[in-house]
1. If I take R0 = 22 Å and measure r between the Cβ atoms of B:E51 and B:E113 in this structure, what FRET efficiency does the formula 1/(1 + (r/R0)^6) give, to the nearest 0.05?
2. Could you work out the relative contact order of chain B, using alpha carbon pairs under 8 angstrom and six or more residues apart, expressed as a whole percent?
3. If you stretched the chain out fully between B:R18 and B:V411, how much longer would it get, using 0.36 nm times the residue separation minus the C-alpha to C-alpha distance?
4. For B:F141, list long-range residues whose amide hydrogen, built 1.01 Å from N in the peptide plane, is under 5 Å from its own amide hydrogen.
5. Using Cα positions and a limit of under 13 Å, work out the aspartates and glutamates in reach of B:K356, with same-chain residues fewer than 8 apart set aside.
6. Counting Lys +1, Arg +1, Asp -1, Glu -1, what net charge surrounds B:G150 among other residues with beta carbon under 11 Å of its beta carbon?
7. Along Cα→Cβ, 7 Å out, is where each label goes; now give me the distance between the ones at B:L282 and A:I24 in nm to one decimal.
8. Which of the three applies to segment B:103-176, rounded, prolate or oblate, going by the alpha-carbon gyration tensor with a ≥ b ≥ c and a/c under 1.5 meaning rounded?
Amino acid sequence: MTNSSNLNSKSPIKGLILFLLSFIFSITILIYFFAWDSANKINQNKDYQVSWLEEGSMFICPLH
Amino acid sequence: MSSSLSRIRNSISDIDFRHYGWIIVAVGAIAQMIGSAIRMAFGIIIDPLVEEFSWDPKSIGIAYAIMSIVTAFSSPIAGYASTIIGARKTMYIGLLLFLIGMIWTALASSIIEFYISYGIIFGFAQSMFLVPVIPAVAVWFKTRLGLATGLIIGMWSLGPALVIQIMGIALDAVGWQTTFIASGIIGTLIMIIALQFFRNTPSDINLLPYGAEEVNQTNDSKNSKSNTFSINLQNVIYKTNAFWSLMNIHFLGCVGHAVILIGLVPLMTSKGISYTDSVFCLTLIMIVSMTTRFITPILGDGINPKIIMFLAFLGQGLLVIPWAFTDSKWMFYLVGILWSIPYGGEGTLFPIMNRKYYGFFPMDTTYGWQILAASLGMALGGFIPGLVFDVTGGYELAIWISAFFSCFGAVVILTLDTTKEVLSPSFDNLQ
């Protein structure tokens, strides 16, 4: 068994890395689909006014 | 495992239902019923609001999103408040906000007012009302925590189903505004009466937690009462992998099933199945999952919660995949029934896991953080089907995303420490 003083000296590296992975993956999905949607809208209508969110997602996403 | 099952079977006859802890369970179940109805009542007021104010459904939907986000971010605050001032006072604050929210929502005349009353006030009310319940019950049960939480978590399904039916009938009879005001007043009165019987800890009425022995009395009451102890313990918990992984797992699992709960009916209708038949599939899922919500904490408490949780996540992830390929209504129903078994069990084991890892401790703040992660997962999962449909014209890709999130949750569960050992068995130096 581990006692509390041992726990105080440890860092939750594994838990934090997995937590961060989930966060990054979630953000990636949102950016990818937002950028895809924005690209579709622009292709359909050249005069389409993109919002800051759509513009930002297209800027960040390397695939759109 | 068979010996564990027989142990559970044999011990059921030994339960002492005269212990005051079961009164706390009953109060917690009523609180869950009323609190979860806040969220579910939203669906029935959309049409009346469109009719009366000509607001578009998308703008009305923003209120729901605001409520979800406010609930998510106020959950750790609710948990902390429960640690410091006690679950009872925190629930009274939630009750006051619930009453204000119900009356203000009924009287709202502008969309901004609606965002404040339903989005912000209800958002806070929901977290103040729901977060303290499970940790409060946990303090009352040294053993049988699985049964106690199973009874309360079962109300997540049954409560809204009953309350929504009653509110739906009242709405037709007296209109949505009178229904909201009446529900607010009646719900508040019921909770005021119920909270008269609520006690934060067994030591408040000179009792021991269920299953505790006399020899532990001093230590138990000390653990329950000392705020310094709770805060110091929480600081130790933040430094464990289990804390971050359990938050992560709750988030991933909620994304996984929120995609399905929001996207299943549109997916079925897009494949030519009638709206009524599609809604029936969702109803089937709710009914079957109610049983596993109740049973899973009991199994997890008696066997090994890590294994049960892993199987639930894996099942939730893999069993959605047939929906991506089928067009048959009966196949949707069959998979729905099978999927609801792991889905019902997926989110119910967190109090048990907290107990296994950190022992008999006030889990309010820890649980609050887990609810934050779960609420964010529900928000993201609810958003994905619409986004996927906008770009692909279908929902199949959303099914694969749901499967991925749930299966990744199962992988994270495998990285958890064993639940056979308490991570921090001795906190005496934290006093």
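None of the figures in this text is laboratory data; all of them are computed from the coordinates on show. Fair warning: this is a prediction, and the values are worked out from it, not measured in the lab. Don't worry about glycine lacking a Cβ; one is built from the backbone with ideal geometry, like all the others, and counts go over all protein chains shown.
1. Values: r = 18 Å, r/R0 = 0.80.
Efficiency at R0 = 22 Å is approximately 0.80.
2. Values: 682 pairs, mean separation 105.3, N = 431.
Relative contact order comes out at 24 percent.
3. Numbers: separation 393, 0.36 × 393 = 141.48 nm, distance 4.14 nm.
Full-extension gain reported as 137.3 nm.
4. B:Y210
5. Within reach: B:D301, B:D417, B:E421.
6. Working: positive: B:R144, B:R293; negative: B:D301.
That sum, taken over residues with Cβ under 11 Å, equals +1.
7. Label-label distance for B:L282 and A:I24, simple model: 3.6 nm.
8. Details: a/c = 4.72, a/b = 1.77, b/c = 2.67.
Since a/c reaches 1.5 but b/c is at least a/b, the shape of segment B:103-176 is classed as oblate.
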